[in-house]
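Below is one structure, written out as structure tokens; comments come after it.
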Amino acid sequence: MHALIQGVIFGVLTAGVYALMASGQTLIFGIMKVINLAQGAMVILGAYLAYQLFTSFGIDPFLAIPITTVLMFGLGVAIQLVFLRPLRAQDKSELSLLITFAVALLIEGVLSVTWRTTDRSINTSYANASWTILGYQITTVRLWAFLLSLAVLGLLFLLLNRTRFGRAVRAVVQNPESARLLGVEAQRVSAVGFGIGAATAAAAGSVYGLVYPFNPGSHYDLISRLLSIVVLGGMGSVGGAVIAAVIVSTSSAIVASTVSPAWSEMTFFVILILVLLVRPQGLFGTVGRGAI
Amino acid sequence: MSSVDASVERASGALRGAAAIAGPLRGAVFFGALIVTPMFGLQHWVLNMLVFVLMFAVMSSAWNLVGGFAGYPSLGHAAFFGIGAYTIGLIFRNHALTNGYEPFLWLPVIGLVGALIGWPIAAISMRTRADVFAIVTITFLFVVQTLAFNLRGITGGSQGFAMPIAPFPAATFELPFYYVLLALLAFTAGLTFAIIRSKLGLSLASVRADEDKARGIGVPTTGVKVLAFSISVGLTAMVGGVWAYYESFVYPQFAVDPLITIAIVLMTFLGGRATLWGPIVGAFILEGGQQYLAYELGGSQFYLIAYALVFLLIMLFLPRGILPTIAERRRQRVRRSTGGATPPPSLLPASPMRPAALDGDGRTSGINMRSAQAKS
């Protein structure tokens, strides 16, 4: 029982980070119908940037987030403009998958040339601190990571629901043709949307780097989890992604604490298969074009 | 916009081309040349290169059955390569070889194992459309990778395990593998050729063009998709088996490697999807080039970067592949020389001015609009 509750606490705290990563990915899908297989690699890139800023300049990974998000926003816009925009509509869904996979490999290659393939971790002074409440352990880093993820998700929510840009995004998600007819510049929205997706990956990367050790190949683990979350939540639904992140991450943490950490990976796939059997469009997905 | 009409036209074009003598003749020349190639006393590294080229030629041809003809881009094929490798490894792990050719006789069993595992995977993942399908298959790949590392009792974990070394004379060590893979390639190409000409090929083309309409007119879409996937992954598993025996060692880093998936897909795209020769052309160019570079330069960290860049350039500049691009150029030249009619609209580049719901043949129908929405 103790292990179970500890697992739940652990899972919910971890869910914040996954929700952050997955929200960027599902946003990109919602706007462009592009499944970004490079999202995991961008998270790891964000983690390496935070690592470098910390080791070279002593910048705390939480404080590095404004720097890395701006850098990665630019990278995201560039990926959209250079690689995804030229695709023709009829092969877009297939080719964009392969292109983002290639981008992931490119990032992995650059990371392994620059930082070698050994595991890195960001060792802040508070990395190993924790509180014990009623016999349950809560790691400081994870709590802060959770709170930060909530804050960034809140900002994303405000951006999508309270700003002119957010209205344009929602218009493009619902019906790109009508949005274009009404004067929304879909290409610009797409570029900025991909940038925002990359920026959330950067923020998540800082947090991820604080909590877990990482190497250039870590993105394979991440992307499989992210994809399960995004499919479970319903492709393109940011709210769905957050809830799915909580479900998936909690059940995986429970499996890790009660069965074995080696099998927690499998939880993601089992959940994914169950979802596809029962509700192929995910929890909050729609059959046609979605809404955020 | 790919409409049923355009793809039926393409399929019937393929039929006409296949009926002509050119197709079989081309095949006979190609395989004849490959049969005599090793007789020129090639060096070991060249034969080794050809063995790998043939492995990838079989795998990309097999991938093409489901990724090309049916339009379902599986990103999980490397998992079946690994399944084949581990299966043959487990059979021969504690088993003295009586005859060097024995593992080859087991290949049909390996193919069957791969196809049987692929069947339920396909039945579940084919419930989704192209993009989510890719997600499900890639997730399956990662799961098999995790299993390969974690099921230490069976797979030996990250250390892997050894298999008996093939008892062939060192001077001609590669030859048995070369000819077995060549036979497998001939089988795969022959199968593809037969499928293109059969009702199955036509059904797959209709699934690729517009699955809802295809089901509407009575094509058993689920059945043909699952069948194509099972055949495809069965062939992939057989290559995995040959690979494990060739290396006489099974280790998870290479047996279940996402790079294998991406190489297969890239080769098929480079040569041309949904064509008989495209995947083979792509495999000879890419794997040949890669093995040659590896031999000349040695392995280096820059390999991944170079690979990704080649991939991106191909996607940007040759999205339809070499063979379809050549075929289109030739058609245009013929049309220009005969001063003939304007090309059908399906060949015109899509311009932003054309509404998305307008189909290739200029019709706008409610069905088209609905199916366009459902697919997106």
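Summed over the range A:28-46, residues that are within 22 Å of A:Leu106 (Cβ to Cβ) and part of a helix (DSSP H, G or I) total 11.
Within the range B:40-57, does at least one residue satisfy the condition of being within 14 Å of chain A (Cβ to nearest Cβ), aromatic (Phe, Trp, Tyr) and touching a residue at least 40 places away in the same chain (Cβ under 8 Å)? No - not one qualifying residue is present in the range B:40-57. Among the residues of the range B:118-135, those that are under 18 Å from the mean Cα position of the chain (by Cα) and not small (Gly, Ala, Ser) comprise B:Trp119, B:Ile121, B:Met126, B:Asp131, B:Phe133, B:Ile135. Return yes or no: is B:Val109 part of a helix (DSSP H, G or I), closer than 30 Å to A:Arg279 by Cβ and free of Cβ contacts under 8 Å to residues at least 24 places away in the same chain? Spelling it out, it is not the case that B:Val109 is part of a helix (DSSP H, G or I), closer than 30 Å to A:Arg279 by Cβ and free of Cβ contacts under 8 Å to residues at least 24 places away in the same chain.
Counting only helices (runs of 4 or more DSSP H) that sit wholly inside the range A:131-235, those with at least 3 residues that are under 14 Å from A:Gly16 (Cα atoms) are A:140-162, A:186-211, A:219-233. Within the range A:259-292, being among the β-branched types (Val, Ile, Thr) and either modelled with pLDDT under 75 or part of a helix (DSSP H, G or I) (or both) holds for A:Thr267, A:Val270, A:Ile271, A:Ile273, A:Val275, A:Val278, A:Thr286, A:Val287, A:Ile292. Just one of (1) of a type outside the set (S, T, N, Q); (2) within 28 Å of A:Arg164 (Cβ to Cβ); (3) more than 10 Å from every other protein chain (Cβ to nearest Cβ) fails for A:Val230. It is (3). Scanning the range A:97-126 for residues that are out of contact with any helix residue (DSSP H, G or I) (no Cβ under 6 Å at 6 or more places or on another chain) and among the small types (Gly, Ala, Ser) yields A:Ser121, A:Ser125.
Could you tell me how many of the residues in the range A:74-96 are more than 7 Å from chain B (Cβ to nearest Cβ) and small (Gly, Ala, Ser)? Count: 4.
Can you tell me which residue among B:Phe177, B:Phe104, B:Phe173, B:Phe187 is touching a Pro at 6+ places or on another chain (Cβ under 8 Å), at pLDDT 85 or above and more than 14 Å from chain A (Cβ to nearest Cβ)? Even if it seems obvious, please write down each step before you answer.
Details: B:Phe177 fails: touching a Pro at 6+ places or on another chain (Cβ under 8 Å); B:Phe173 fails: touching a Pro at 6+ places or on another chain (Cβ under 8 Å); B:Phe187 fails: touching a Pro at 6+ places or on another chain (Cβ under 8 Å).
Of the residues listed, the single one that is touching a Pro at 6+ places or on another chain (Cβ under 8 Å), at pLDDT 85 or above and more than 14 Å from chain A (Cβ to nearest Cβ) is B:Phe104.
Taking each residue of the range B:306-325 that is closer than 19 Å to B:Ser60 by Cα and looking for partners that are crowded, with 20+ Cβ neighbours inside 10 Å and hydroxyl-bearing (Ser, Thr, Tyr) with beta-carbon atoms closer than 7 Å, six or more apart or interchain, yields B:Leu323/B:Thr275; B:Pro324/B:Thr275. Among helices (runs of 4 or more DSSP H) entirely within the range B:156-263, having at least 1 residues that are surrounded by 15 or more Cβ atoms within 10 Å (Cβ to Cβ), in contact with a Leu (Cβ under 7 Å, 6 or more places away or on another chain) and of a type in the set (D, E, K, R) singles out B:175-197. Among residues of the range A:128-153 being more than 16 Å from A:Phe62 (Cβ to Cβ) and of a type in the set (A, V, I, L, M, F, W, C), the one that is surrounded by the fewest Cβ atoms within 10 Å (Cβ to Cβ) is A:Leu134. Would you mind stating whether A:Leu49 is surrounded by fewer than 24 Cβ atoms within 10 Å (Cβ to Cβ), aliphatic (A, V, I, L, M), in a helix (DSSP H, G or I) and in contact (Cβ under 8 Å) with a residue 60 or more places away in the chain? Spelling it out, A:Leu49 is indeed surrounded by fewer than 24 Cβ atoms within 10 Å (Cβ to Cβ), aliphatic (A, V, I, L, M), in a helix (DSSP H, G or I) and in contact (Cβ under 8 Å) with a residue 60 or more places away in the chain. Return yes when B:Gly67 is assigned to a loop (DSSP other than H, G, I, E, B), within 12 Å of chain A (Cβ to nearest Cβ) and under 26 Å from A:Tyr220 (Cα atoms) and no when it is not. So B:Gly67 fails the test.
Looking at B:Ala274, B:Ala283, B:Ala228, B:Ala237, can you tell me which residue is within 14 Å of chain A (Cβ to nearest Cβ) and within 16 Å of the chain's Cα centre (by Cα)? I'd like the intermediate steps shown before the answer.
Numbers: B:Ala283 fails: within 14 Å of chain A (Cβ to nearest Cβ); B:Ala228 fails: within 14 Å of chain A (Cβ to nearest Cβ); B:Ala237 fails: within 14 Å of chain A (Cβ to nearest Cβ).
When all the criteria are applied, what remains is B:Ala274.
Somewhere in the range B:135-148, is a residue small (Gly, Ala, Ser) and at the interface with chain A (Cβ under 10 Å from one of its Cβ atoms)? Scanning the range B:135-148 turns up no residue that is small (Gly, Ala, Ser) and at the interface with chain A (Cβ under 10 Å from one of its Cβ atoms).
Scan the range A:128-135 and tell me whether some residue there is of a type outside the set (A, V, I, L, M), under 30 Å from A:Ile9 (Cβ atoms) and touching a Phe, Trp or Tyr at 6+ places or on another chain (Cβ under 9 Å). Steps first, answer last, please.
Let us first name the residues in the range A:128-135 that are of a type outside the set (A, V, I, L, M), namely A:128, A:130-132, A:135.
If we keep only those that are under 30 Å from A:Ile9 (Cβ atoms) as well, we get A:128, A:130-132, A:135.
Within this subset, residues satisfying the condition of being touching a Phe, Trp or Tyr at 6+ places or on another chain (Cβ under 9 Å) are none.
Within the range A:128-135 (the criterion being of a type outside the set (A, V, I, L, M), under 30 Å from A:Ile9 (Cβ atoms) and touching a Phe, Trp or Tyr at 6+ places or on another chain (Cβ under 9 Å)), the answer is no, since none of the residues qualifies.
The values are calculated or read from the model by the stated rules, or taken from the named source; none is laboratory data. None of the values given here were measured: they were computed from a predicted structure. Positions of Cβ are backbone-derived with ideal geometry, glycine not excepted, and every protein chain shown enters the neighbour counts.
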